[in-house]
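Throughout, read-outs are computed from the coordinates displayed, never taken from laboratory work. All values reported here derive from a predicted model rather than from experimental measurement. Using ideal geometry, Cβ is built from the backbone for each residue, glycine included, and neighbour counts are taken over all protein chains shown.
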Amino acid sequence: MARRNRMSMTFDSRSENVGIARVAAAAFSAQIEFTLPEIEEIKVAISEAVSNAVIHGYSDQEGQIELAMELYETHLEYTVIDWGKGIADVEQARQPAWSTEPERMGLGFVFMESFMDEIEVTSALGKGTTVRMVKKFDAVPIH
């Protein structure tokens, strides 16, 4: 399937950049006639993925996060990559209420899975984590 558009951005793993990632994802997603609630869901999923990278991927250090967004004929793909600590057990991390930080709710992956049509998480300890999310829609008209 041919890609229609792509955008990526790389930014420091700072909590203040979560909002910037949200706005960028909303603007990119606006190419499709999503409803406002659908755009809000995309923003939440992006926020959770980027926040996880900031909080868990780099917790006590600073690093880089990449957000890549790709538009295809029937779906959007959002990929959030960090090169931080990695996740020891991805399946465990995806369980509701599980977190490495006791004061956290552990619902990041739950929100991502609820608001996206597909989510794929790959991780390696000491090398980082990639979260790929897909949001489907009716085919884009050919102009």
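What are the residue pairs meeting all of these: first residue in region 1-30, first residue over 16 Å from residue 70 (Cβ atoms), second residue among the aromatic types (Phe, Trp, Tyr) and not in a strand (DSSP E or B), Cβ atoms under 8 Å, and 6 or more apart or on different chains? Cβ pairs passing all conditions: 13/58.
Restricting attention to region 77-88, which residues are touching a residue at least 40 places away in the same chain (Cβ under 8 Å) and more than 12 Å from the chain's Cα centre (by Cα)?
Taking region 77-88 as the starting set, the residues that turn out to be touching a residue at least 40 places away in the same chain (Cβ under 8 Å) are 77-87.
Correct list: 83, 84, 85, 86, 87.
Take the residues in region 33-64 that are of a type in the set (S, T, N, Q) and not in a helix (DSSP H, G or I); name whichever of them is nearest to the chain's Cα centre (by Cα). Steps first, answer last, please.
Applying the first criterion (of a type in the set (S, T, N, Q)) to region 33-64 yields 35, 47, 51-52, 59, 61, 64.
From what's left, not in a helix (DSSP H, G or I): 35, 59, 61, 64.
Details: 35: 19, 59: 17, 61: 20, 64: 14 Å.
If we take residues in region 33-64 being of a type in the set (S, T, N, Q) and not in a helix (DSSP H, G or I), then 64 is nearest to the chain's Cα centre (by Cα).
May I ask you to list the residues in region 35-76 that are of a type in the set (Phe, Trp, Tyr) and within 20 Å of residue 125 (Cβ to Cβ)?
The answer is 58, and nothing else.
Considering only residues that are without any contact (Cβ under 8 Å) to a residue 60 or more places away in the chain and within 17 Å of residue 64 (Cβ to Cβ), which ones fall in region 120-137? I'd like the intermediate steps shown before the answer.
At the first step, the residues of region 120-137 found to be without any contact (Cβ under 8 Å) to a residue 60 or more places away in the chain are 120-127, 130, 132, 134.
Those that are without any contact (Cβ under 8 Å) to a residue 60 or more places away in the chain and within 17 Å of residue 64 (Cβ to Cβ): 123, 124, 126, 127, 130.
Of all residue pairs spaced 6 or more apart or on separate chains, those with beta-carbon atoms under 7 Å, a first member in region 40-62 that is farther than 17 Å from residue 19 by Cα and in contact (Cβ under 8 Å) with a residue 12 or more places away in the chain and a second member that is of a type in the set (S, T, N, Q) and surrounded by fewer than 19 Cβ atoms within 10 Å (Cβ to Cβ) are 56/100.
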